[in-house]
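What follows draws every value from the coordinates through simple rules; no lab data is involved. In this text, all values refer to a predicted model and were calculated from it rather than measured experimentally. Positions of Cβ are backbone-derived with ideal geometry, glycine not excepted, and every protein chain shown enters the neighbour counts.
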Amino acid sequence: MKDIPLLLIHGFPFDHAMWFSTIASLGANAKVLAPDLPGFGRNAILMQEDPSLEAMADFLIRFMDQNQMASAVIAGMSMGGYVALSLAENYPTRLAGLGLISSQTAADSDETRKGRFETIKKIRAAGPGVILDSLVPKLFAREKWKNPDLRGYPERGAKAAGVDGLCWALEAMAKRTDRTAMARSLNIPILVVHGMEDQIIPFAKARELAESCQKPILIELPGVGHSSPLEAPDPVASGLARLMTKCREQAGPGRSADSSDADPSLPQS
Ligand code: MLT
């Protein structure tokens, strides 16, 4: 029998490599695919498309079609969660379960939106590296950003995305709509994983969201900041394993785990 696949979607400014430790920790608990979003890692930006999360969600649907996935459990970290929410709204039948990892359902405040357009101007003037000094310390809890192994992920991610990839994604995030009511209306299991020291999206927002969803699993991560898949891959993986179990139960015996189908595949772009 076919198991439900798990799609892991990276945040900004990362790529699929941010999931390696989480995938290793998941082991045979799920068949995983971790694509790069357009403009990140090895994938080109969507040149013909205006920046939007909907265009990124359409890209993921094409990726699912290419991989013969009628539906999947989709879990996104931060920006990846925004994309997963867009997909949930526009393609509800393709989603068997949702994971919001260090993410949120709210749109940007006016101030945050203004800041993103200022950042776009700075990147266009001075290159991708210009965002790192202010962004990297906020991506992790306390002093963890000083660890070169951790900060190497956003540094490499920003470099690979380049000016166009970063600016396209910043504009897409700035334009996103509030999807709180949509998330609350979803009758599928929803995993909310959040670091209690997240400096970008406050933990309280995540708890409030989980408390208002119909089928939530809330994983609170003490001492962890925004980049939870890098800072705490084991608890993130165990949350994802719980989500997969709930989704299989909801899907019924025809979609239960099958050892012949349960090997995690390598992340793909
Ligand atoms: C991310 O980690 O994807 C970003 O911090 C999200 C955001 O800027 O809202």
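Below, the figures for the structure above:
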item	result
Some residue of region 135-143 being in a helix (DSSP H, G or I), within 15 Å of the ligand (Cβ to nearest atom) and acidic (Asp, Glu)	no
Criterion (surrounded by fewer than 20 Cβ atoms within 10 Å (Cβ to Cβ), basic (Lys, Arg) and in contact with a Cys (Cβ under 8 Å, 6 or more places away or on another chain)) met by exactly one of Arg113, Arg124, Arg42, Arg94	Arg124
Among (1) touching a residue at least 24 places away in the same chain (Cβ under 8 Å); (2) under 25 Å from Gly239 (Cα atoms) - the single one Leu170 does not satisfy	(2)
Matching residues in region 209-240 - criterion: being assigned to a helix (DSSP H, G or I), out of contact with any Ser or Thr (no Cβ under 9 Å at 6 or more places or on another chain) and away from the ligand (no atom under 16 Å from the Cβ)	Ala210, Glu211, Gly239
Among the candidates Ala70, Ala44, Ala55, residue that is outside any helix (DSSP H, G or I), among the hydrophobic types (A, V, I, L, M, F, W, C), under 28 Å from Phe117 (Cβ atoms) and out of contact with any strand residue (DSSP E or B) (no Cβ under 7 Å at 6 or more places or on another chain)	Ala44
Extreme residue, surrounded by the most Cβ atoms within 10 Å (Cβ to Cβ), among residues of region 1-19 that are within 16 Å of the ligand (Cβ to nearest atom) and assigned to a loop (DSSP other than H, G, I, E, B)	Gly11
Residue among Thr22, Thr93, Thr112 that is more than 16 Å from the ligand (Cβ to nearest atom) and not in a loop (DSSP other than H, G, I, E, B)	Thr93
Residue among Gly81, Gly76 that alone is under 25 Å from Asp178 (Cα atoms), touching a strand residue (DSSP E or B) at 6+ places or on another chain (Cβ under 6 Å) and assigned to a helix (DSSP H, G or I)	Gly81
Region 32-47 residues that are among the charged types (D, E, K, R), paired with ones that are part of a loop (DSSP other than H, G, I, E, B) and buried (at least 22 other Cβ atoms within 10 Å of the Cβ) (beta carbon under 8 Å, 6 or more apart)	Asp36/His10; Asp36/Asp15; Arg42/Asp15; Arg42/Asp36
Residue ID - farthest from Ser52 (Cα to Cα), chosen from residues in region 97-110 that are in contact with a Lys or Arg (Cβ under 8 Å, 6 or more places away or on another chain) and buried (at least 19 other Cβ atoms within 10 Å of the Cβ)	Gly97
Cβ-Cβ under 7 Å pairs, at least 6 apart or on other chains, region 81-103 side in contact (Cβ under 8 Å) with a residue 60 or more places away in the chain and closer than 22 Å to Thr22 by Cβ, far side among the charged types (D, E, K, R) and within 12 Å of the ligand (Cβ to nearest atom)	Tyr82/Arg176; Ser102/Asp198
